[in-house]
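Before any comments, here is the structure.
The values are calculated or read from the model by the stated rules, or taken from the named source; none is laboratory data. Quantities reported herein were computed from a predicted structural model and do not represent experimental measurements. Using ideal geometry, Cβ is built from the backbone for each residue, glycine included, and neighbour counts are taken over all protein chains shown.
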Amino acid sequence: MCLRCGVVAQQGRGLALEEGTPPQPSAQPQEDHRIIGLPGQASAQAARNLLPFFTLIAAWIAILWSLPWWIMHRQFLIQPGARGPRSLTLDGAGRTGVNDRSSDVEWKNYVGSVEGKNQILLYTSPARFNILSKRAIADVQIGDVRELLKQNIQPNCLR
């Protein structure tokens with residue numbers, strides 16, 4: 001645009017437009033290399049530059065997802081006591097567990113219990129519990145177990 005006369009000229013075509021006249025669209029479409037979702041005028045090259053960063057993020061998420069499973073699986077394989085059969089006796093005196101060793105725990109040592117869909121958790125402290133699977137209990141015995149827990153463990157002691 002000429003500052004003295006106010007005439008706008010397009011380079012390479014030799015056309016002169018008067019001030020205020022909208023420019024005509026060019027016959028050749030311009031390519032838009034912007035990436036949707038990234039702020040600013042990102043180009044395809046900028047996306048290629050960010051590829052190692054996003055690859056590192058994906059690898060980090062994969063490690064965080066698989067590492068706990070791998071550690072638990074390894075601990076299970078190392079401890080032979082975790083793989084054998086277990087038996088448990090609940091009575092008025094407390095809980096007796098038998099696998100490779102025997103243990104007797106009185107009811108006064110339990111601070112609470114929580115029943116879930118598939119298990120019953122017997123808490124010996126607010127952060128430590130024993131798991132009693134409902135699959136191991138006959139359907140007719142579940143009511144007896146609930147009654148025994150209600151009689152011997154104080155409700156809502158975990159909060």
Within the range 100-132, of all residues that are more than 34 Å from the chain's Cα centre (by Cα) and surrounded by fewer than 15 Cβ atoms within 10 Å (Cβ to Cβ), the one modelled with the lowest pLDDT is ASP100
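Among the residues of the range 108-159, count how many are of a type in the set (Lys, Arg) and over 16 Å from LEU88 (Cβ atoms).
We begin by selecting, within the range 108-159, every residue of a type in the set (Lys, Arg); these are 108, 117, 128, 134-135, 146, 150, 159.
With the extra rule that they be over 16 Å from LEU88 (Cβ atoms), the set shrinks to 108, 117, 128, 150, 159.
Qualifying residue count, the range 108-159: 5.
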